[in-house]
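Q: Below are the structure tokens for one structure; questions will follow.
The values are calculated or read from the model by the stated rules, or taken from the named source; none is laboratory data. What you see is a predicted model, and the numbers here were worked out from it, not measured in a lab. Methodologically, a virtual Cβ is constructed for each residue, glycine included, from the backbone with ideal geometry; neighbour enumeration extends over all protein chains shown. These area figures cover heavy atoms from the full protein model, side chains too; ligands, DNA and RNA do not enter into them. Shrake-Rupley method; radii C 1.70, N 1.55, O 1.52, S 1.80 Å.
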Amino acid sequence: MTAQLSAQDALVATMIAVSAADGALSDRETDSIRRMIAVLPIFDGYDPAHLPTVAQIVFDLFEDEDGVDAMVGLVADALPGTLNETAYALACDVAAADGTVQMEELRLLEIIRHDMNVDRLVASAIERGARARHARLPG
């Protein structure tokens, strides 16, 4: 696989990967990705028409035995280290968007955190923020 991603594509790939980790892209997760692309400053100037291409890269990588590692490596190569925490935060927001975080999503988040050198305490704060942002009223 010789795909190259822009930094923005790499962030999108991270979000798509977390959404797809449990084998399904939920509507809430997909909507969350689209909203973040539309409103977050990191995506200023990003063309949402890239989404299907980036998604296909992620899906193709996930078909390989070492696809998760390849995907995280591709993302890490495309991002300056200063955006590793941003990638992790976006991934956590997508995982929390549908109200439940599946084991496969947790495992991928752990791989992303580790491989992209996101400090454990920083990661805990990011995770808590994602849970707080995506909380729902009881009932």
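Q: Looking at ASP9, ASP22, which is the one that is under 14 Å from the mean Cα position of the chain (by Cα) and in a loop (DSSP other than H, G, I, E, B)?
A: Details: ASP9 fails: in a loop (DSSP other than H, G, I, E, B).
Within the list ASP9, ASP22, the selection yields ASP22.
Q: Which one is least open to solvent (accessible area, probe 1.4 Å), of the residues in segment 25-81 that are of a type in the set (Phe, Trp, Tyr) and part of a helix (DSSP H, G or I)?
A: Residues of segment 25-81 that are of a type in the set (Phe, Trp, Tyr), as a first pass: 43, 46, 59, 62.
Among the residues that remain, those that are also part of a helix (DSSP H, G or I) are: 43, 59, 62.
On the way: PHE43: 5, PHE59: 70, PHE62: 62 Å².
Checking each candidate, the answer is PHE43.
Q: Let me ask another. Could you list, ordered by first residue, the pairs with Cβ atoms under 6 Å in which the first is in segment 89-100 and under 19 Å from ASN117 (Cβ atoms) and the second is in a helix (DSSP H, G or I) and among the small types (Gly, Ala, Ser), at least 6 apart or interchain?
A: CYS92/ALA130
Q: Cβ-Cβ distance below 8 Å, separation of 6 or more or different chains: which pairs start in segment 126-139 with a residue that is open to solvent by 70 Å² or more (accessible area, probe 1.4 Å) and end on one that is modelled with pLDDT under 90?
A: ARG136/GLY99
Q: Determine which member of the set ALA91, ALA95 is surrounded by 13 or more Cβ atoms within 10 Å (Cβ to Cβ), assigned to a helix (DSSP H, G or I) and modelled with pLDDT of 95 or more.
A: Exactly one of ALA91, ALA95 is surrounded by 13 or more Cβ atoms within 10 Å (Cβ to Cβ), assigned to a helix (DSSP H, G or I) and modelled with pLDDT of 95 or more, namely ALA91.
Q: Can you give me the number of residues within segment 101-123 that are surrounded by 11 or more Cβ atoms within 10 Å (Cβ to Cβ) and free of Cβ contacts under 8 Å to residues at least 12 places away in the same chain?
A: 5
Q: Taking VAL39 as meeting all but one of (1) modelled with pLDDT of 95 or more; (2) in contact with a helix residue (DSSP H, G or I) (Cβ under 9 Å, 6 or more places away or on another chain); (3) among the aliphatic types (A, V, I, L, M), write down the number of the exception.
A: It is condition (2) that VAL39 fails.
Q: Scan segment 86-127 residue by residue and report those that are among the charged types (D, E, K, R) and either closer than 14 Å to ALA17 by Cα or out of contact with any helix residue (DSSP H, G or I) (no Cβ under 9 Å at 6 or more places or on another chain) (or both). Let's see the steps before the verdict.
A: First, the residues of segment 86-127 that are among the charged types (D, E, K, R): 93, 98, 104-105, 107, 110, 113, 115, 119-120, 127.
Across segment 86-127, the qualifying residues are ASP93, GLU104, GLU105, ARG107, GLU110, ARG113.
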